[in-house]
Every structure is written in structure tokens, then in C-alpha cells.
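Coordinate-derived values only; no laboratory data. Everything numeric here is computed off the predicted structure, so don't read it as measured data. For neighbour counting, all protein chains shown are included, and Cβ atoms are generated from backbone atoms with ideal geometry for every residue, glycine included.
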Amino acid sequence: MAIPFQFGHLADGENFINRQEEVNRLSTNFQSGVNTLIISPRRWGKSSLVAKVVKQLSTTNPTLRVVTIDLFAVRSEQQFLSLFAREVIKATSTKWEEWGENVRKFIGNAVPKIAFGNQPGADVELELSWADKKIDPLEIYDLPEVIAKKKKLKVVICIDEFQNIGHFADPVGMQKQMRSVWQKHQHASYCLYGSKKHFLTHVFTHQSMPFYRFGDLMYLPKIEISHWLKFIPMQFKKSGKKISTTLAEELCRSVSLHPFYVQQLAQRVWILTENETTHAILDKSLDALLNDNAFGFQRDVENLTATQINFMRAFKDGVKNFTTLETLTSYELGTQGNIKRIKAALEQKDIMDFPGPQPEFIDPLFELWFRRNF
Ligand SMILES: Nc1ncnc2c1ncn2[C@@H]1O[C@H](COP(=O)(O)OP(=O)(O)OP(=O)(O)O)[C@@H](O)[C@H]1O
Ligand SMILES: [Mg+2]
């Protein structure tokens, strides 16, 4: 029997729940050429959301072409430009036989090569190289608009894991070039998204940064509990098992509605449940989940300084004011001025967030693990 909860790959089909508002907003932006910037912590469902909209639109809008580029494994501007050019050419061609011709038509000095997998039925791939090794970034960034105009198409470029531009040699210079070209585009629009909330918030919302006010900024919210409370019991029921609404709610709340962890925990609970879920099963599953993730969490903590850990300890103990002499002394936090630096470091490392007067842990499972172990 297939396990009715999925994580680790994109949520789609009936596994994709709700996000109706975000789907509509993104879909409207894509169709009307409005740029979008999406930020959320890791594994909240950015990629699934974009993929859902792309899939929907590509079946209903033949003149709209959506290009999805994932920067996950890209580590230099050169690699990025080559990938960008390749994906734009592929998405705006009707069949692979046209790839070579379109490269020659639209990119000055690029040399196309069509590679065939050696297995029968394996994918055909386009490979690009540049004759004199000189890629002109401005020409490549302009490609979506040039092709869209020529072919009377609308093109949307989605760039996932956008925070990875931080690894390139000159991220800000590159962003300046992209923005200067893209802001003139009438037939192409852009959707940039990724995790590393702190970094991307800076990239997208700081006045001094090139992508400041580039488009509709979306902080992805969590999925409301009411949708999970329909989904989880239904998935149990379909496979002849049962979970009460109370336990389903407890399951969701124990991982603070984090979409990935909700699915992961629900899967564990489902596996351990023979007929009907009990409290003991839920507890056991949560312990197992913490166990599975302990190694990674330990590594995260190893990257923190003693004062950063002490700050988290104080927060865990319910301290509200971190700068009183008593707190500074009993938690060995150093001077008052240190607190600002500690907060900045925890934010920069994506461990904690400081949206209001009180800090928050970014990863709810990490928080649980920390509370149990420190
Ligand atoms: N709309 C949804 N309905 C149900 N589950 C979801 C939904 N969105 C996300 N999830 C769950 O969260 C997991 C992570 O989703 P996804 O990969 O889309 O997130 P992401 O924000 O792109 O993650 P990353 O930060 O790693 O790129 C999915 O595998 C799925 O288990
Ligand atoms: Mg993703």
C-alpha cells in the first residue's frame, strides 16, 4: 500500500493542500507579467507552490512559457548564465530539433550541441559552449524578452534557491546587471524565490540592493491548521486507518505546522498505526523524528559560539529581557552590547528570527530538540 503522506519531493496532486490564495496571486502575476519575490524558511512549500502554478498555466495558456531554473547546484555566474540560456531556449522551442537553430539565431557566439543519452528513450539535452569563452551576461539576461517578442510569447522565468547567488564571485554586481536588463522587459517577467530568509530579505527589501522593489514580495505563510485537519484524517481513512481530530491537531501543533515536518510525522504515525492512532504512537513517532534529525541539529549547534548557545538557553528558560545585569551574568552573555551581536549571528545562521519583541526559533523541530537536550 502506498504511504499517503509525502515529503522530500514536491507536493502535488491531492498531496498539495490549500494555498489557494497564493496560487491565485502567483497565477495572476505570471499571466499579467508582474515580477514576484517569494521568501520562506526552508521546506515550507515554495517550490511546490510555484510548480503547481506552472503546471496549471502551462495546460491552459499555450502562449505562456514558464522556465524553471534551480540554482541548487550552481556555484558560479558562468554556470548560471549557461543554464539560464539553455533553459530559455528549451522552453521557447516547440521541439528539440529547433534548439540548435534557435541558439544560432538568438545567442551571438554560443555553440550548441545536442546530447543524446545512451539508453534508448533517455532524455535529449542541449549543451552550450562559447566559441571565444566570452559570454555576454547582458545578452543572456535579455534573451527571454528578445525571444518572447520575436515568437509572440509571454515568458516567465522562475529562479529557485535564489539565495545561492550569494556564492558567486560578485553577487551584487550580477544583481545590478540582471535588474538593469529585466526591468525593461515587457514580454518576460521573473519569479525569484528561496530560503535563507535573512539573506533574501536583505536582497529583496534593502534600499541599497538592486532588487529592492523589483516586484510583488510574498512571505509564504504556513498552511492553516483547518486544511491539515481535513487532509490527515482523510489520508488515514483512505487506507483503512483512523486518527481522531484531537490527535491530528496535536500532531500538527507539535511541529508548529511546519509543512515538511507535518508530512514526515504523519507518515511515521501512519506506519506505526495498525487501526487507530493513540497518544503513545504519536509520542513515539515524535521521538523517532527527533532522533532521525539529531545528527544534523548537533552539527548546527557545533557551529554556534558558547554565548549564542547561552542566549538560546536563556530564551528556553523563559527570559524576556536579555540585557538585565542578572541575565547577562547568570547566562554568561557578556556585555549588553553583545546581545545585539548574538542576535545578528543567530539570525544570519538561520537559527532564530526576531520579528517582534520576542525571538523565535526558525526550525520547530530544532527547537524541540534543543529544549529537550539543553
Ligand atoms: N501545499 C502543500 N501541501 C502539502 N504538503 C506540502 C505543501 N507544500 C509543502 N508541503 C510539504 O513540505 C515539503 C517541502 O515542500 P517544498 O520542497 O515545496 O518546500 P520548499 O520551501 O521549496 O523547500 P526548500 O526550502 O528545501 O527548497 C513537501 O515535500 C511536502 O511534504
Ligand atoms: Mg524548494
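Think of it as helices only: each DSSP H run of n ≥ 4 in the chain is worth -39500 (n - 2.57), and spread over all residues that comes to -16000 deg cm²/dmol at 222 nm. Between residue 358 and residue 227, the modelled label-to-label distance comes to 2.6 nm, taking each label 7 Å out from Cα in the direction of the beta carbon. For segment 19-219, relative contact order (Cα pairs under 8 Å, six or more residues apart, normalised by length) works out to 31 percent. Based on the reciprocal of the average 1/r between different C-alpha atoms, the Kirkwood radius for the chain equals 23.4 Å. Think of each Lys and Arg Cβ as +1 and each Asp and Glu Cβ as -1; about the Cα centre, that makes the dipole of segment 303-373 roughly 120 debye.
Overall shape of segment 103-203 was characterised from the C-alpha gyration tensor. The equivalent ellipsoid obtained from it has semi-axes of 26, 19, 16 Å, in decreasing order. As a rough guide to protection, the peptides 268-274, 359-365 ranked by mean Cβ packing within 10 Å, highest first, stand as 359-365, 268-274. The alpha-carbon of residue 237 sits under 29 angstrom from the alpha-carbons of these lysines, leaving out residues fewer than 8 places away in its chain: 46, 52, 55, 222, 284.
Expressed as a fraction of 2.2 N^0.38 Å, the C-alpha radius of gyration for segment 225-300 is 1.08. Taking every C-alpha pair closer than 8 Å and separated by at least 6 residues, the mean separation divided by the residue count of the chain gives a relative contact order of 18 percent. Loop-located chymotrypsin sites (Phe, Trp or Tyr not before Pro) in segment 17-111 (DSSP state other than H, G, I, E, B) with a sparse environment of at most 12 neighbouring Cβ atoms within 10 Å: 72. Placing a pseudo-label 7 Å from each Cα along the Cα-to-Cβ vector at residue 271 and residue 336 gives an inter-label distance of 5.2 nm. Taking the Cα centre of the chain as origin and assigning +1 to Lys and Arg Cβ atoms and -1 to Asp and Glu Cβ atoms, the resulting dipole is close to 760 debye. Output the pairs from 149/197; 316/343; 154/196 with a Cα-Cα distance over 23 Å in this structure; if there are none, say none. Flagged as over cut-off: 149/197; 154/196. Once both labels are positioned 7 Å from their Cα atoms along Cα-to-Cβ, the gap between residue 31 and residue 73 label points is 3.5 nm. Annotation: extensible slack from residue 10 through residue 132 equals 40.0 nm (criterion: 0.36 nm per residue apart, minus Cα-Cα distance).
The aspartates and glutamates whose alpha-carbon is closer than 15 Å to the alpha-carbon of residue 242, local same-chain residues fewer than 8 away aside, are 250, 274, 276. Farthest toward the positive end of the dipole of the chain, out of 366, 208, 188, is the Cα of 188, where the dipole comes from beta carbon charges about the Cα centre. For segment 257-323, the residue among 323, 312, 265 whose Cα projects farthest onto the positive side of the dipole built from Cβ charges is 323. You can think of it this way: the chain between residue 237 and residue 217 has 3.4 nm of extra reach, that is 0.36 nm per residue less the Cα-Cα gap. Only the Cβ atoms of Lys and Arg (+1) and of Asp and Glu (-1) were treated as charged; on that basis the dipole of segment 19-219 about its Cα centre amounts to roughly 440 debye. Here r is the Cβ-Cβ distance between residue 95 and residue 167 and R0 is 45 Å; the resulting FRET efficiency, rounded to 0.05, is 0.85.
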